[in-house]
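In what follows, a single structure is set out as structure tokens and then discussed.
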Amino acid sequence: MTEEKGEVALFVTCLIDNLRPDIGFSVVSLIEDAGFKVIVPELQSCCGQPNFNGGDKLNAQKTARKVIDAFIDYEYVVIASGSCGGMIKHHYIDLLVDDTLYRQKAERLTAKVYELSHFLCEVADYKPVFIDKMEVTYHDACAGLRELDIKNQPRALLAQSGVNIIEMDEPEVCCGFGGAFCVKYPEISNQMVEKKVMDANKTDAAALVTGDLGCLMNMEGKLHRLGIDLQVFHYAELLTRERLTRERLT
Amino acid sequence: MQVNSKDFIPLVNLALDNNSLQASLGMLGKGLSFKRTAAVADFPEFDQLRDEARDIKDHCLQYLDIYLMKFEEQVTNKGGHVHWASNEGEAREIVLSLCQAENARTITKSKSMVTEEIDLVPFLEDHGLDAVETDLGEYIIQLRGERPSHIIAPAVHLSKSQVADTFFDQHSNLGFNEKLTERVDLVGEARQVLREKFLGADVGISGANFLVADTGTIVLVTNEGNAELTTAIPETHIVVTGIEKIIPTLEDASTFIRLLARSAVGAEISAYTSFITGPRREEDQDGPKNFHVVLVDNGRSEMLGTELQDMLRCIRCSACLNHCPVYLSIGGHAYGSVYSGPMGAVLTPQFSRLEEAKQLPNASTFCGRCESVCPVHIPLPKLMRHWRNKEFEAGLNPLSMRWGLRAWALLNRHPLLQHMLASLGIRILGLFGNKATGYIIKLPGLAGNWTKDRDFRTPPSTTFMSQWKTMQKNRQKKEV
Amino acid sequence: MSRTEILDRIRKKLAVDSEDKTRLQVVESRLANHLPNTIPSRCRQSHSDLVDLFQEKMEKAHGTVNRVNNDTDLGGEIMAYLGDGSFELCINVLEFELDFSAYSSVQTVEWTPRSSLDICISDCFGAVAETGSLVISSSKQMPLSFNFLGEKHIVLLKEDQIMGAYEDIWARTRNDMPRDITLVSGPSCTGDIEMIMEFGAHGPKELHIIIIGS
């Protein structure tokens, strides 16, 4: 391995950790490929978003303090989710506004928190090698798009690896996941996700790609229920598709 | 404000099953967001004006008492009268007594959300007055006995043929006996019916888009011209409006005019924008002799100095409704309030009660599209979250949710225990999976709401954290 | 009394003092200065470009525009717009002489309050190029409703009446605001049935502007 450019603490996220660990390993291999050493702090938990959005502000603050303590000493913190990334980078300071000590810590932390594609493009200056040609459509996950300005970064990375993006109608409209929203208001959520996957499917792309696990599982689950053969990937998986194929073969 | 937001869930189900409503919402969503995007692209100063508009409103709110008094002084100097209503009941009584003082029988009304908020028209009708809505959309829903389903397109939930049926039912006594099929003919018939009303009205009631403190001017924006006919013909003009509509100067009004129609419908400006200053002058040939402005508080001042203060910047453009995927799925009536969409989810609990309206701020994915299009940068998701906090503090949400959130937070403070339980949890979850397909098709409890309409990919049997730990151990062994 | 109650509540929630004179000064100086905010760059170009911009924007808003070099035959221009047929014209024009003696099918009628009209012809206070808006103002000569009660409205506008931005109106009116100033940007329209635009909701179905060169 060439000399490392620095150390990255990976905030794994609950959904990747528990439901799609393979995506976590794709993320690790991308960061390593970009020349950084990956550290996975053991004392990490959820970012606190369920409590924050559920109105349980007090517990959201408690969780935020724990996350801050677990990550504050690292050089970079990378998160392969716009939603958890937005929670930490966009909301922590506001959430802890009345706690002088932790607000200051939150300011220090948020300055080094990056959504994965943002980190790869703008910090690591990572240039993926060409893998193979592929046509996909991309759903812009809401929090990444509107809280962290994630729009062109994953598209640029995918393009360099040979992926051509066929834009669907309204790629920036929410898929209907919304955390607890999808089980609190399943009927509305269902209508939203149905519209989303239909729009995606209309593109005739080979896959539907996004950057957030919630959206991914929501769209994937709907497509499977509808019997539509359109696979859904995290962009990190696609950027490591060579590795995935290799591992599957060996 | 009359609210039936407690029925949110059944109203949502009705809306989702209503094919004609779904067709209307489809057109609304696609059409207006496309037009807005084009209008913004054609106007390089747009974002700069948004920032300025936010700052103007923030400034006004900070000095609201003084601006309102300045406005009052100017209106009075010009021969008009300003009335103050602390709540909706007072506002209704003031309007009624002004109408009665003029022995009014017939009233024309141009569109105003404040009058919807205070349920003014039914109240005037109950007191024997003939009050007719003149905005076409408002007129249609008045004939149908409905409430607006959108703050600027009140009849957007209806199809052309539903409007035709309504006119056929309600206009036959006026000599219109033909069932119309063309939109242009429907508009023409309403024009004829309402023209008579305009020409004969004793009192005109309007809202106001903006109140200009410097000159005592009220600004009214319409496409139809109904506000001008409402305000120029009758002997008495009554403006019913919220205290937050105040802006300092005509220059500031210009900034808001540039934002309003672009944000609302993607037009550069509406067909008519009227700046009305006081009653008719001695030399004038028309215009009202009596000019009254009723300033309505009704819960607004309570929002000052709180997180909700930002909501008082709202100019009622409807961009947040037009871009809200939840609104575009269920329409306005499901909200059970005249204020719907994201702005309605913030205002309704304030203007009614949180117990009544608590579903509304919860029914959002926090996708943030509303905030991204708001011409005055209102942080709508944050304000919906404000109500969720209030709900939690007051113990209004279900116990299962409260304890669930608390338990989750407790685990967050003990990550190692959380990782252990998660490893167990995914194995249990795995038991529900179908080995052949790799998906779970039915889950119990709340998770069943997921599998009602979606499958769930069966998770692998080990978590990332435990796999990572094993890898690290193996690596260390190798190194040793 | 509700006035005091509301004002007190506002001050209490804002945590401010009614006796605080500096707050009053802030407001008074802002009103006295009435500074413009950002004015779109399109409003500040050569006058001939502004005339073109006015026409472009008015046509985009579904008004029709005809430009003539002088006022010698405005009657003829109006009749050319109206086409064949017999018409009742209600004329409220101060700046120009209109001659319809050559047209036997034309009748002129007087304006009376609270009555509908066929063809209304007027001049106006001015126009603003930035959105192609006519500026109509109520005055001794001009009842506001005149502009709204016709089926068709024809407006005579001199080129040099065209201003760039809305702010240019206020520079001329602020100290003596007429009862009503209305920006008219196209004919009356409504999208209230199925979001599709129809013209002639309550005001004129057609709006035609004749711009007279100087």
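The values are calculated or read from the model by the stated rules, or taken from the named source; none is laboratory data. Not measured: the values here are computed from a predicted model. Glycine also receives a Cβ, built like all others from the backbone with ideal geometry; neighbour counts cover every protein chain displayed.
Observations on the model:
- Subset tally (residues that are in contact (Cβ under 8 Å) with a residue 24 or more places away in the chain, over 24 Å from B:LEU120 (Cβ atoms) and assigned to a loop (DSSP other than H, G, I, E, B)) for region B:139-184: 1
- When residues of region B:268-298 are limited to those that are out of contact with any helix residue (DSSP H, G or I) (no Cβ under 7 Å at 6 or more places or on another chain) and under 30 Å from C:ILE10 (Cα atoms), the one surrounded by the fewest Cβ atoms within 10 Å (Cβ to Cβ): B:ASN290
- Residue match in region C:14-25 (condition: of a type in the set (A, V, I, L, M), assigned by TED's automatic domain parsing to the domain that holds C:SER185 and not in a helix (DSSP H, G or I)): no
- Only one entry in B:LEU194, B:LEU229 is assigned to a helix (DSSP H, G or I) and in contact with a Ser or Thr (Cβ under 6 Å, 6 or more places away or on another chain), namely B:LEU194.
- Subset of region C:148-159 that is over 16 Å from C:ILE78 (Cβ atoms) and crowded, with 24+ Cβ neighbours inside 10 Å - its residue that is nearest to the chain's Cα centre (by Cα): C:PHE148
- Single match in B:GLU283, B:GLU302 (criterion: over 27 Å from B:LEU347 (Cα atoms) and either facing chain C (nearest Cβ under 9 Å) or free of Cβ contacts under 8 Å to residues at least 60 places away in the same chain (or both)): B:GLU283
- Filter result for A:ASP169 (acidic (Asp, Glu), in contact with an Asp or Glu (Cβ under 9 Å, 6 or more places away or on another chain) and either in a helix (DSSP H, G or I) or in the same structural domain as A:ILE79 (by TED's automatic domain parsing) (or both)): no
- Residue count for region B:20-55 satisfying the condition of being within 21 Å of the chain's Cα centre (by Cα) and among the β-branched types (Val, Ile, Thr): 1.
- Applying the criterion of at least 3 residues that are more than 30 Å from B:LEU396 (Cα to Cα) to the helices (runs of 4 or more DSSP H) found wholly in region B:6-66 leaves B:19-41, B:46-62.
- Answer from A:LEU148, A:LEU239, A:LEU223 - the residue that is of a type in the set (A, V, I, L, M), away from chain B (no Cβ under 14 Å) and either touching a helix residue (DSSP H, G or I) at 6+ places or on another chain (Cβ under 6 Å) or surrounded by 18 or more Cβ atoms within 10 Å (Cβ to Cβ) (or both): A:LEU239
- Screening region B:379-480 for helices (runs of 4 or more DSSP H) wholly inside it with 1 or more residues that are of a type outside the set (Ser, Thr, Tyr), more than 37 Å from the chain's Cα centre (by Cα) and within 9 Å of another protein chain (Cβ to nearest Cβ) returns the ranges B:399-412, B:415-431, B:464-479.
- Considering region B:327-363, and only residues there that are outside any helix (DSSP H, G or I) and on the phi > 0 side of the Ramachandran plot, the residue that is surrounded by the most Cβ atoms within 10 Å (Cβ to Cβ) turns out to be B:GLY331.
- Test: residue in region B:309-324 that is over 30 Å from B:GLU268 (Cα atoms) and modelled with pLDDT of 95 or more: no
- Matching strands (runs of 3 or more DSSP E) fully within region C:149-214 where at least 1 residues are farther than 27 Å from B:ASN226 by Cβ: C:150-158, C:206-212
- Region C:156-189: number of residues that are farther than 23 Å from C:HIS47 by Cβ and among the hydrophobic types (A, V, I, L, M, F, W, C): 2
- Index of the failed condition, A:MET198 passing every other in (1) closer than 28 Å to B:PRO10 by Cβ; (2) within 10 Å of chain B (Cβ to nearest Cβ): (2)
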